[in-house]
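Participant: Mind having a look at this structure? Questions to follow.
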Amino acid sequence: YLPVKPNGTAVIIAPGGAFHALAVGHEGTDVAKWLNEKGVTAFVLKYRLAHDDPAHPENNFVALLTAKNFKKLDSINAAIVPLAMQDGLTAMKYVREHAADYKIDPNKIGFMGFSAGGTVTMSVAYNATDKDRPNFVAPIYAYEKAIIGSAVPTVKTPIFIAAATDDDLGLASHSVHIYEKWV
């Protein structure tokens, strides 16, 4: 999503969806268009997802989320999270390598995500190298238990964290913990 008047900053957006779906509208394209109004070039990441098995309807992700059975959901998602993280790292590398094509400053590329996308955001932040490291991150109600890695980068990386205390999934405490580690 290209702004009319680019300011050189870019953000890769990872929508949420419990690693089974992507909330591309309200957690992707809507955010990208809002960022465009501020001059920010935006990329909506479609990362790899798990798929529900019709032979096991008890493992349907909506049913597991409704029941707050995160342990079961985590076990189903365990194989997918590393792939989603790799998709995020690849997106970072691509945007940085093509920064000139998009009129982006290669030192002003951020990564943000919502819920599962916040998990991807933090996994990218914890596992990045110089080629694919975001210059800033914004995990929005990230699910910390599925994040890959936990070491805060030695390269200073600004972070914006948001969560709501009344979140139905109880993710605010995850954001608080990420904040405490980052400080």
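The values are calculated or read from the model by the stated rules, or taken from the named source; none is laboratory data. Just so you know, these numbers come straight off a predicted model, no measurement behind them. Virtual Cβ from ideal backbone geometry, glycine too; neighbours counted across all protein chains shown. For the accessible areas, the whole protein counts, side chains as well, though only heavy atoms, and no ligand, DNA or RNA atoms are used. Shrake-Rupley method; radii C 1.70, N 1.55, O 1.52, S 1.80 Å.
Participant: Using a Förster radius of 41 Å, what is the FRET efficiency between Asn7 and Asn60 based on their Cβ-Cβ separation? Nearest 0.05, please.
Facilitator: 0.45
Participant: Something else now. Measuring from label point to label point, each 7 Å out along Cα→Cβ, what is the Ala79 to Asp53 span in nm?
Facilitator: 0.8
Participant: Can you tell me which of Ala67, Ala23, Ala14 moves the most in a GNM of the chain? Springs connect C-alpha atoms under 10 Å apart.
Facilitator: Highest fluctuation of the listed residues: Ala67.
Participant: Could you do me a favour and compute the accessible area per residue for region 1-49, 1.4 Å probe, result in Å²?
Facilitator: 45
Participant: Most mobile of Gly113, Gly170, Gly88 per a Gaussian network model of the chain (Cα springs, under 10 Å)?
Facilitator: Taking springs between Cα atoms under 10 Å, the residue moving most is Gly170.
Participant: How long are the three semi-axes of the equivalent ellipsoid for region 1-116, computed from the Cα gyration tensor as the root of 5 times each eigenvalue, in whole Å, largest first?
Facilitator: Values for region 1-116, descending: 32, 14, 9 Å.
Participant: Now for a different question. Pairs Lys108/Lys131; Lys46/Lys108; Lys71/Lys93; Lys33/Lys68; Lys46/Lys156: which exceed 25 Å Cα-Cα? Each step should come with its number before you reach the end.
Facilitator: Details: Lys108/Lys131 13 Å; Lys46/Lys108 21 Å; Lys71/Lys93 32 Å; Lys33/Lys68 32 Å; Lys46/Lys156 27 Å.
Violating the 25 Å Cα-Cα cut-off are Lys71/Lys93; Lys33/Lys68; Lys46/Lys156.
Participant: Roughly what angle does helix 116-127 make with the longest principal axis of the chain, taking Cα atoms, 0 to 90 degrees, to the nearest 10?
Facilitator: Tilt of helix 116-127: around 60 degrees.
Participant: Something else about it: Towards the positive end of the charge dipole of the chain, with charges on Cβ (+1 Lys, Arg; -1 Asp, Glu), say which of Pro6, Leu169, Ser123 has the farthest Cα.
Facilitator: Looking along the dipole axis, the top candidate is Pro6.
Participant: Dipole of region 1-93, Cα-centred, from +1 at each Lys and Arg C-beta and -1 at each Asp and Glu C-beta, to the nearest 20 debye?
Facilitator: Dipole magnitude for region 1-93 comes out near 300 debye.
Participant: Counting only protein heavy atoms and using a 1.4 Å probe, what share of the accessible area of region 1-86 belongs to carbon plus sulfur, as a whole percent?
Facilitator: 61
Participant: State to the nearest 20 debye the size of the charge dipole of the chain about its Cα centre, where the only charges are +1 on K and R beta carbons and -1 on D and E beta carbons.
Facilitator: The calculated dipole for the chain is roughly 520 debye.
Participant: Along the positive direction of the dipole of the chain (beta-carbon charges: Lys, Arg +1; Asp, Glu -1; about the Cα centre), which of Gly28, Leu73, Val62 reaches farthest?
Facilitator: It is Gly28, whose Cα lies furthest towards the positive end.
Participant: Same structure, new question: Run the quick spin-label model on Thr90 and Thr154: label points 7 Å from Cα toward the beta carbon, then report their separation in nm to one decimal.
Facilitator: Here the modelled spin labels are 2.9 nm apart.
Participant: Averaged per residue, what accessible surface does region 101-183 expose to a 1.4 Å probe, in Å²?
Facilitator: 50
Participant: Tell me, what does the Kirkwood hydrodynamic radius of region 31-183 come to in angstroms if you use every pair of distinct C-alpha atoms?
Facilitator: Radius from the Kirkwood sum: 16.3 Å.
Participant: Would you mind getting me the FRET efficiency between Asp166 and Lys33? Use the beta-carbon distance for r and R0 = 41 Å, nearest 0.05.
Facilitator: So the FRET efficiency works out to roughly 0.95.
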